[in-house]
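**Student:** Below you'll find the structure I mean.
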Amino acid sequence: MLLSICIPVYNFDVRGLVSDLKKEIGTNGIDAEIILIDDASLGNYKKTNQVLQNEVKNFIFLEENIGRSRIRNLFQKYAEGEYLLFLDCDGKITDKNFLKKYTEFIQKDQETKVIYGGRSVLRHAPGPEYYLRWKFAIERENLPLGLRLSKPYLSFQTNNFIIKREVFEKIHFNPDFQKYGYEDLLFAMDLKSEKIKINHIDNPILNNDLETNTIYLEKVAESVESLTKMLRDKSLKPKLSEVKLVRLYNKLFFKSFIELFLADKTLYALKSKLLKGNDNLYYLDLYKLGLLIKDMKE
């Protein structure tokens with residue numbers, strides 16, 4: 001069984017990740033190929049990663065950035081494996097049997113279509129400037145296997161998953177959404193609508209890129225913009241009904257409450273509080289809700 005390891009690259013040094021993968025491929029005798037597609041990274045990152053061109057099966061450099069969804073779809077053109085393993089470029093392998101755990105699961109269950117392995121971050125808290133993204137990962141993303149199994153579609157993320165080629169040929173990431181945010185959830189809900197099971201196993205990859213509170217809140221705003229666009233599409237809106245932020249938004253009935261959040265000073269106050277990093281994620285939920293209300297109003 002050939003496994004195609006697909007890594008979209010954007011402004012990150014992937015030499016360590018590729019080295020770790022190649023080491024396990026050799027040590028555990030994994031039948032695998034590695035494919036990299038660079039989504040128009042800055043020149044210094046391209047130069048750094050170019051040394052990998054002779055180390056992997058394919059390394060494609062795009063001239064223009066095509067976004068998170070389209071670049072993942074593009075791997076189908078180059079991958080030859082029966083299964084495709086997608087990894088984020090900022091991930092770090094922490095288990096010497098990382099690939100083996102996936103292949104053994106597939107060998108035991110020949111009906112496997114999709115597997116999500118999970119994610120982790122460093123257990124030690126970073127400085128306050130980086131704390132918000134880390135706290136969100138610890139409390140909301142790095143869920144134990146039991147919790148992920150209870151909500152297999154809502155718990156799915158694209159940082160570390162395997163999909164059978166024949167499934168990916170039918171169900172792609174929606175190319176209309178190029179920016180950061182909710183493209184993974186929409187993909188999961190497309191799988192759900194087709195009654196394709198998402199298996200979950202305990203095989204996390206470490207998120208190896210610390211984001212400042214400022215950068216993370218910029219990504220939060222971008223993700224809410226993407227969600228707004230999805231909600232305005234009548235064919236997509238029903239698929240998002242289980243999303244926590246959407247459920248909160250749909251429960252709003254009081255005009256005064258909505259107008260409070262539409263006030264720029266309210267959003268500014270919440271953002272200022274969040275930039276300090278060490279705060280309850282309740283305020284992040286309120287900030288996202290305020291952004292969504294504002295975006296939906298425009």
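**Student:** Looking only at the stretch 149-164, how many residues end up being of a type in the set (D, E, K, R) and touching a residue at least 40 places away in the same chain (Cβ under 8 Å)?
**Tutor:** Within the stretch 149-164, residues that are of a type in the set (D, E, K, R) and touching a residue at least 40 places away in the same chain (Cβ under 8 Å) number 1.
**Student:** Something else: Here is a list: Phe156, Phe161. Which entry is under 19 Å from the mean Cα position of the chain (by Cα) and farther than 17 Å from Ile35 by Cβ?
**Tutor:** Phe156
**Student:** Of the residues in the stretch 202-226, how many are touching a strand residue (DSSP E or B) at 6+ places or on another chain (Cβ under 6 Å) and hydrophobic (A, V, I, L, M, F, W, C)?
**Tutor:** 2
**Student:** If I go through the stretch 51-67 residue by residue, how many of them are assigned to a loop (DSSP other than H, G, I, E, B), farther than 11 Å from Pro8 by Cβ and among the β-branched types (Val, Ile, Thr)?
**Tutor:** Final tally of qualifying residues: 1.
**Student:** If the requirement is being under 20 Å from Val167 (Cα atoms) and in a loop (DSSP other than H, G, I, E, B), which of these qualifies: Gly29, Gly81?
**Tutor:** Gly81
**Student:** Got a sec? Which of Leu210, Leu191 is modelled with pLDDT under 95 and of a type in the set (A, V, I, L, M)? Even if it seems obvious, please write down each step before you answer.
**Tutor:** Details: Leu191 fails: modelled with pLDDT under 95.
Sole residue among the options that is modelled with pLDDT under 95 and of a type in the set (A, V, I, L, M): Leu210.
Results for (1) part of a helix (DSSP H, G or I); (2) in the same structural domain as Lys164 (by TED's automatic domain parsing); (3) buried (at least 22 other Cβ atoms within 10 Å of the Cβ); (4) in contact (Cβ under 8 Å) with a residue 24 or more places away in the chain, shown as yes or no for each residue.
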site	(1), (2), (3), (4)
Lys22	yes, yes, no, yes
Ile25	yes, yes, no, yes
Asn73	yes, yes, no, yes
Leu85	no, yes, yes, yes
Lys96	no, yes, no, yes
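**Student:** Would you mention how many residues in the stretch 284-295 are in contact with a Leu (Cβ under 6 Å, 6 or more places away or on another chain) and not hydrophobic (A, V, I, L, M, F, W, C)?
**Tutor:** 4
**Student:** A follow-up question, please. Give Glu104, Glu129 a once-over and let me know the one that is under 30 Å from Asn28 (Cα atoms) and surrounded by fewer than 18 Cβ atoms within 10 Å (Cβ to Cβ). Walk me through it before giving the result.
**Tutor:** Working: Glu129 fails: under 30 Å from Asn28 (Cα atoms).
None of the others qualify; the one that does is Glu104.
**Student:** Further, regarding this structure: Does at least one position in the stretch 194-212 carry a residue that is assigned to a helix (DSSP H, G or I) and in the same structural domain as Gln107 (by TED's automatic domain parsing)? Let's see the steps before the verdict.
**Tutor:** Going residue by residue through the stretch 194-212, those that are assigned to a helix (DSSP H, G or I) are none.
No, there is no match, as no residue in the stretch 194-212 is assigned to a helix (DSSP H, G or I) and in the same structural domain as Gln107 (by TED's automatic domain parsing).
**Student:** Could you list, in sequence order, the residues of the stretch 129-175 that are under 17 Å from Val114 (Cβ atoms), among the charged types (D, E, K, R) and part of a helix (DSSP H, G or I)?
**Tutor:** Residues satisfying the conditions are Arg148, Arg165, Glu166.
The values are calculated or read from the model by the stated rules, or taken from the named source; none is laboratory data. What you are looking at is a predicted structure, and each value in this text was computed from that prediction instead of being measured. All Cβ positions, glycine included, derive from the backbone under ideal geometry; neighbour counts span all protein chains shown.
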